[in-house]
Structures are given as structure tokens and as C-alpha cells.
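K.L.:
First the structure, then my questions, so here it is.
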Amino acid sequence: MERYRPKKILVEKSIRDLPLTQTVIKRLKGIPVDYINRVKPLPVERAQDSWLNSQKTLLLCKNKGRFFEPCPGTKNYLCCLYKILNVATNCHLNCTYCILQAYLNNPFMVLYTNTNEMFKELDEVLSQHPKTVYRIGTGEYTDSLVLDHLTSFTRLIVPYFASRANAFLELKTKTDIIENLEGLKHKGKTIVSWSLNAEPVIRNEEKSACSLNDRVMAAYQCQKWGYKLGFHFDPLIYYPGWESDYKKVLEKLFRTIETSSICWISLGCFRFIPKLKPIIKKRYPESGILYQEFIRGLDGKMRYFKPIRIEMYAKMVEWIKSYDSKIFIYLCMESEEVWKKSLGVAPLSNWDLKKWLDDQCRP
Amino acid sequence: MSKIKIPFMCLKAKRIFLKNLDFKDKTFLLSYGYDINPLKQSIGRVGLLNPPVVRKKSSATYQIVCGYKRVLALKKLGVSSIRCTVLPSEKNDEECLLLNIYDNVSHREFNPIEKSIAINKLKNYYTEEEIVHNFLPALKLQPHITQLKVFKPLCKLEKGIQTAILAGRISEHTAIRLSQMDRASRRALGKLFVILRLSVSKQIEVLEYVSEIAMRENLSVENVISMQKISSVFKNEKLNQHQKGETVRKYLRELRYPQLTEKEKEFNHNIRKLKLSPGVSLKAPPFFEGDHYHISLCFKDRNGLNKRLQELESLLNDRSLINIIEG
Ligand code: SF4
């Protein structure tokens, strides 16, 4: 996997002297730096036109809004009440199905370097409700580790979560950028997760991300460093022959990883907002992921027709459980009916599901 | 945008031999898909009312700026020379083009291909934004970029498709989608639309089914269209054009959504078996995604309501109803 290296750096003057800004600039010695007052957001369509080129520009700036926000969830489907820490936006891995393409109004790779303010905000939130358990992820608007070779951000955030009683951090990635995780005092409060997929899907739709083998080997390394691991089969992509390809992924995974270090495995069939379709068609005309049987779901997103989803989930659950029946599996954004038909149980509510996942985090 | 300034005094009228007009030079020609005969007849009866406008090209030849069709009609009538308005040779191409556009829009509406030709010629001098705001209204189009995007590619399509557009067989919106496809797919779909006569929305629907089935099955668009089941519909003389269109559309939908359409059939089969009376209907959740079914009852008094409710109650343990609800 090629690690991100920009062609140009834009730095907002207001954050030029912050430590993270300085670290990144030093590590990218030789790359031209422009100091600017601020970048204006573009209309989403304009941002899309220049998408691939503009990712080569790294924007270091201040997050003027909130770092911490609830996962947007989705109407009528069960959500685990995850929380998002917005530390960067965009991702150069350019998976064909990536939702960010339809979403961001700034095509640059953006890193918020005012981390002091982020920690302050986190302190406030976490101490306001000390009895509430927070599962917090940094992989919603970017890949959690895609910039870590430039930022070493994990060296700040992992120890921070180790010091907080009521919060767990999940780093979700498709990379093998894990070197900064070595030797950190994580106290079991950080879960390192990989999004996994069938080899043909990785080859065709996640071309710039790590190979399956490298992802599993990176997970193996993190397991050796004592981290709990998560695996996300999301998006599960349906195509003729998907069964044997996904089975092979599970074989590889369980040959390498001990089931006792797996905190959870999530399953989520491919879904997309309708406006992503023309973008994928235009940008990746050879991609075949849009042409299976999609229907408009209750939240307006396009999803596989329900029996297809149930079939995929039920088979995946059966295969995973055949390795270890105690592995905790959950579905991402699915209905009670789909839960019941594929897992045999369903949480009663979002809060119920949250509790199930919170319990999984606890030692 | 430059204004056309052609003081009346500068315009010379001159008798010019038709052999000195360059018919091959179509720099300013906007007309497309015309029938020259009515014009020929009218000129033959009352003569030429409005002289064509030309510009000197070389010492012996003139370029036709406005009135290409008129000159052509005169040529066909065997006329050897005509009076033309001659523009000063310093008038540039942009001014000549504007002159022709405004000369045309003052007395007729362009057809969709002509609008496209005008837009493409204007693109040599103006940005898309300028064309949208300054020219689309004159072409009787909404001043919006999407209109420009719809019309721009039309004049680059194959003749057969352009003819179908002018005949109203293919909509402009379908045409823009066709213009984004490869030539072979476009031709195959174009033929299909000419045969089937579908409404605009159904054309788009069919186009999507065909191209998505082709993508999924790794087939060409032509392969999909030439499937036995579709070509047999074309040949079926018992079906009228509307019925042919509907049959093909339904078949393509089944191919595109095999499981969904199977489920719909199963649902309808069970509904039929329930033998609901005409005042009662049962609806499945859209795409069978949610878990709420809807029943509607039609009644006019308490007695009628009571009858309907009894009917429903009697269905509660009916196998078909259980199949519908519990799958
Ligand atoms: S890794 Fe995640 S964030 Fe990055 S492109 Fe792929 S889907 Fe998008």
C-alpha cells in the first residue's frame, strides 16, 4: 500500500505554530507549503470534479466546530449509538463505494491540528456523564490510521483513552500503518479494527488499500501488542460466488487471529445514498457494485433486497460461529426482523444494542 | 458579450451568382432536419422576400451567413443569381453567428438539434455560464446549466437518433443518456425506442434496466436487446405498440430485479387466493422492506363496515394471508 504523501501543503495561519502542524510539516520536508487565511468550502459538485487531484493537497487547519458528535445513525434501523471524533476528513484510499465522495464539500485531505481543543472537548464530554460508556471512533470521515505515519496521532490519543474510565476508542482501518501503536500503554481501552473484504472486492473496489493478507498480519501484530481487535465485514458485496470468497477470508482470519482477542465482528451489506450512484458510475465506470438488486430502504438509502441481506448475514454468521460460537457479531444499521432472521436474536432498541457493545469492550 | 453593430449604411445589396456562393462552408448554418420543398414552392410563387446575408470570403466567393435554406431553394429552382446583403468583410465570425441566430429566432423556433448546433457554435466564443444566461432564453430554453448539458450533445449523435428525436420518438433526456454510451449501445437502444414508443420516464427506465443488466451480466447492450424474449415481442403482431413497450419493459424489470419481481408475483398470487371483495385491498410495504402492511376498506354504512370486518376476521387464519405476512 502506498502511504499518503501530498504534493502540496496548505496551512491555515492561525494554527501554523501548533505542535501537530509542526510535526507534519517536518515529516514532509521538501513539500511546498502555502500559508493561507482559510479555505472556503466548495459546493459538493465542484469538490467532486476535482476530487482525485485535490487529495494530493494536505490542508492543515483548525476544526472550528465540534470534534465530538453522535454517529448520524439512520431512521428505522438499529444503531449502536457510536460516537465520532472528527480529527480529519477525506482519505486517499479511494474505495469505489466510499460515501465521502458524495458528502464532503472540501476535496482536500484535511487534518485538524488543534488537538488541545479536541482533548478539552473530550474531557468535558466524558466527565459530564461519568456513568455513561462512550465508544468513540475516528474512522467515520477518514480511515483512522491513514495519516498516522505523518501525525503519530495515535501516540496521543491511545494513552488518553487509557486514562479515561468511561470511554473506549476504536481505530478503524484498511491500512497497516500500525507502527505507532507499539509500546503504548493502552490498558485495553483501544480496539484496533480492520474492515475486511473478499479478495476480488479488495482488488476491484479497494485498490489502494492494503491487501487482505497485510490487514490480517497487521491485526496479528496488534494482537501481540495486547490490543483487542475488531473486524468489520462492511460493506459485504453480493456477487455470484461471494460465498466461497468470503469463506476464504474467514479461513485466513481465523488461521492467524485468536478468537479470544476479537472484541466484535460487524456485518453490513453494501448500501448507499442515491446521489452516490452517478458519482461511482462516472468515477469508476468499470465497477460492478451498483448492479445487483437494490431497493430504496426505509431511510432512503439503497440496500440489497431484504432476502439477499438475510441470506448473506445468516451464512456469514454460521461460518463465523463455526470457528468459535462465542464470537460477538452485530449487524450495522439493520432492522429487527433482519437481526432475528440472521442471528436469531435482536436488540430491543438502540440502547439495548449499545449496551451489548459496551459490555464487549469491558475487560 | 459583444453587440452586433452593423450600421445600415454599411450593408450593401449586390447581385451575386449562385456559383460564387460557397455551399460547402457551413460555418454559420444552424438549420437541421428541414424539408426544402415548401420553401421552394413559396419562393416559386411569390419570389424571395428576404435576401440572404453573405460575407466576402475570397475575391470570387462568398460565405452564406443567413438564409442557407433560401439559397438552396433558389438553386433547386434553377436560379443563377440573386440579390444578397453583403456584410463588410471585417465583420468577424462571432458577429456573423449572432446575426444568424437572431435572424432565425425572430421568426421561428429552433428544433432540439438546431438548439444544440447553436449552443456548440456559441461555445467557440462564450463560456457555458454566458451561454446559459445570455442565449438559452433566446433559444426558448430555461437559463439553467442542466438545459445546456441536455442539449449540447444532441447535434453530435448519429443521424438516425437525431431523426428519432425530431420525430418525438426519443426524448432529449433520453438522448443525453444515449450520448454518454458507446456507439453500438446507442444504436441498439435508439432502435429499440423507435420501435417501442415509450414515454420519457419509461425510456429512461428501460435504458437503465438494459445498461445495468449488461453491466451485471458482462454482456453488451446489444446482447441484452437481442435476447430472444425481446425480439419475439417485436415480431408479435397481436400486440399494439403500447403493449409491446409494456411487455418489454416488464420483462427487463424482471431480469433486472429477479428476486423482487418473484416476490411480487408470489404476493399477488396469494392476494388472488384470498379472494378479497372489491371494497377491500391489502398493500405490502414498499419493496417488502418494512414490516407494516396496509389494509383499506371501502364501505358506506355501519352494516357495510361490519360485513368487511367479518370478511377480514374470517381471513385471519387463511394460509395465503399467513404466507403474505410471515413470508
Ligand atoms: S478506507 Fe474508508 S474512508 Fe478511506 S476511501 Fe475507503 S471507505 Fe472511504
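The values are calculated or read from the model by the stated rules, or taken from the named source; none is laboratory data. Computed from a prediction, not measured in an experiment: that's the story for all the values here. Reconstructed Cβ throughout: ideal geometry from the backbone, glycine too, with neighbour counts over all protein chains shown. The accessibility values were calculated without ligands, DNA or RNA, using every heavy atom of the protein model including side chains. Shrake-Rupley method; radii C 1.70, N 1.55, O 1.52, S 1.80 Å.
K.L.:
Suppose we keep only residues that are within 14 Å of chain B (Cβ to nearest Cβ) and modelled with pLDDT under 90 within segment A:69-91. Which one would you say is least open to solvent (accessible area, probe 1.4 Å)? Working first, answer last.
P.N.:
Quick first cut of segment A:69-91, residues within 14 Å of chain B (Cβ to nearest Cβ) only: A:74-78.
Going one step further and asking which of them are modelled with pLDDT under 90, we end up with A:74-76.
Details: A:74: 25, A:75: 148, A:76: 100 Å².
Residue satisfying both the conditions and the ranking: A:74.
K.L.:
Considering each residue of segment A:185-202, count those that are part of a loop (DSSP other than H, G, I, E, B) and surrounded by fewer than 18 Cβ atoms within 10 Å (Cβ to Cβ), and give that number. Steps first, please.
P.N.:
Taking segment A:185-202 as the starting set, the residues that turn out to be part of a loop (DSSP other than H, G, I, E, B) are A:185-189, A:196-198.
Those left that are additionally surrounded by fewer than 18 Cβ atoms within 10 Å (Cβ to Cβ): A:185, A:187-188.
Residues that pass the stated criteria total 3.
K.L.:
So residue A:347 clears everything in (1) open to solvent by less than 60 Å² (accessible area, probe 1.4 Å); (2) within 11 Å of chain B (Cβ to nearest Cβ) except one condition, right? Which one?
P.N.:
The number of the failed condition is (2).
K.L.:
In the set A:96, A:175, which member is at pLDDT 95 or above, within 14 Å of chain B (Cβ to nearest Cβ), within 13 Å of the ligand (Cβ to nearest atom) and assigned to a loop (DSSP other than H, G, I, E, B)? Outline the logic, then answer.
P.N.:
Values: A:175 fails: within 14 Å of chain B (Cβ to nearest Cβ).
That would be A:96, the only listed residue that is at pLDDT 95 or above, within 14 Å of chain B (Cβ to nearest Cβ), within 13 Å of the ligand (Cβ to nearest atom) and assigned to a loop (DSSP other than H, G, I, E, B).
K.L.:
Regarding residue A:28, is this residue at pLDDT 80 or above and within 14 Å of chain B (Cβ to nearest Cβ)? Give the steps one after another, and end with the answer.
P.N.:
Values: at pLDDT 80 or above: yes; within 14 Å of chain B (Cβ to nearest Cβ): no.
When the stated conditions are applied, residue A:28 does not pass them.
K.L.:
Out of A:129, A:149, which single residue is open to solvent by 20 Å² or more (accessible area, probe 1.4 Å) and more than 24 Å from residue A:347 (Cβ to Cβ)? If you could, list the steps in order and put the result at the bottom.
P.N.:
Details: A:129 fails: more than 24 Å from residue A:347 (Cβ to Cβ).
The conditions single out A:149.
K.L.:
So for segment A:150-158 (the condition being more than 17 Å from the chain's Cα centre (by Cα), within 16 Å of the ligand (Cβ to nearest atom), of a type outside the set (S, T, N, Q) and within 26 Å of residue A:232 (Cα to Cα)), does at least one residue qualify?
P.N.:
Yes - at least one qualifying residue is present in segment A:150-158.
K.L.:
Somewhere in segment B:80-92, is a residue at pLDDT below 90 and open to solvent by 40 Å² or more (accessible area, probe 1.4 Å)? Don't jump to the end; show me each part of the working.
P.N.:
Step one: filter segment B:80-92 for residues at pLDDT below 90, giving B:88-91.
Pick out the ones that are also open to solvent by 40 Å² or more (accessible area, probe 1.4 Å) and you get B:89-90.
Yes, segment B:80-92 has at least one match.
K.L.:
Please state which one of B:171, B:226, B:199 is over 14 Å from the mean Cα position of the chain (by Cα) and not assigned by TED's automatic domain parsing to the domain that holds residue B:99. Before you say what the answer is, go through the steps one by one.
P.N.:
Working: B:171 fails: over 14 Å from the mean Cα position of the chain (by Cα); B:199 fails: over 14 Å from the mean Cα position of the chain (by Cα).
Only one candidate passes the filter, namely B:226.
K.L.:
Same structure, new question: Mind checking whether some residue in segment A:101-113 is open to solvent by less than 20 Å² (accessible area, probe 1.4 Å), more than 21 Å from residue A:215 (Cβ to Cβ) and away from the ligand (no atom under 16 Å from the Cβ)?
P.N.:
First pass over segment A:101-113, keeping only residues open to solvent by less than 20 Å² (accessible area, probe 1.4 Å): A:101-102, A:104, A:107, A:109-111, A:113.
Going one step further and asking which of them are more than 21 Å from residue A:215 (Cβ to Cβ), we end up with A:101-102, A:104, A:107, A:109-111, A:113.
Right, trim to away from the ligand (no atom under 16 Å from the Cβ) and you get A:113.
Yes, segment A:101-113 contains at least one residue that is open to solvent by less than 20 Å² (accessible area, probe 1.4 Å), more than 21 Å from residue A:215 (Cβ to Cβ) and away from the ligand (no atom under 16 Å from the Cβ).
K.L.:
Here's something else I'd like to know. Confirm whether residue B:64 is modelled with pLDDT of 95 or more and either within 17 Å of residue B:12 (Cα to Cα) or in the same structural domain as residue B:168 (by TED's automatic domain parsing) (or both). Working first, answer last.
P.N.:
Details: modelled with pLDDT of 95 or more: yes; either within 17 Å of residue B:12 (Cα to Cα) or in the same structural domain as residue B:168 (by TED's automatic domain parsing) (or both): yes.
Judged against the criteria, residue B:64 is a match.
K.L.:
Please determine whether any residue of segment B:280-291 is open to solvent by 70 Å² or more (accessible area, probe 1.4 Å), touching a residue at least 24 places away in the same chain (Cβ under 8 Å), within 14 Å of chain A (Cβ to nearest Cβ) and aliphatic (A, V, I, L, M). Step through it out loud before you land on a result.
P.N.:
First pass over segment B:280-291, keeping only residues open to solvent by 70 Å² or more (accessible area, probe 1.4 Å): B:283, B:286-287, B:291.
Going one step further and asking which of them are touching a residue at least 24 places away in the same chain (Cβ under 8 Å), we end up with B:287.
Remaining after also requiring within 14 Å of chain A (Cβ to nearest Cβ): B:287.
Checking which are aliphatic (A, V, I, L, M) leaves us with none.
Scanning segment B:280-291 turns up no residue that is open to solvent by 70 Å² or more (accessible area, probe 1.4 Å), touching a residue at least 24 places away in the same chain (Cβ under 8 Å), within 14 Å of chain A (Cβ to nearest Cβ) and aliphatic (A, V, I, L, M).
K.L.:
Can you pull out the residues in segment A:71-88 that are within 14 Å of the ligand (Cβ to nearest atom) and in contact with a Leu (Cβ under 6 Å, 6 or more places away or on another chain)? Explain how you work it out, then say what you get.
P.N.:
Of the residues in segment A:71-88, the ones within 14 Å of the ligand (Cβ to nearest atom) are A:84, A:86-88.
A:88 - this is the single residue of segment A:71-88 that is within 14 Å of the ligand (Cβ to nearest atom) and in contact with a Leu (Cβ under 6 Å, 6 or more places away or on another chain).
K.L.:
I've got another one for you. When you check residue A:295 against the structure, is it in contact with a helix residue (DSSP H, G or I) (Cβ under 9 Å, 6 or more places away or on another chain), within 11 Å of chain B (Cβ to nearest Cβ), more than 23 Å from residue A:253 (Cα to Cα) and touching a residue at least 60 places away in the same chain (Cβ under 8 Å), yes or no? It would help to see each step written out before you state the result.
P.N.:
Values: in contact with a helix residue (DSSP H, G or I) (Cβ under 9 Å, 6 or more places away or on another chain): yes; within 11 Å of chain B (Cβ to nearest Cβ): yes; more than 23 Å from residue A:253 (Cα to Cα): yes; touching a residue at least 60 places away in the same chain (Cβ under 8 Å): no.
Spelling it out, it is not the case that residue A:295 is in contact with a helix residue (DSSP H, G or I) (Cβ under 9 Å, 6 or more places away or on another chain), within 11 Å of chain B (Cβ to nearest Cβ), more than 23 Å from residue A:253 (Cα to Cα) and touching a residue at least 60 places away in the same chain (Cβ under 8 Å).
K.L.:
Looking at this structure, is residue B:262 modelled with pLDDT of 95 or more, surrounded by fewer than 16 Cβ atoms within 10 Å (Cβ to Cβ) and either among the acidic types (Asp, Glu) or farther than 30 Å from residue B:202 by Cβ (or both)?
P.N.:
yes
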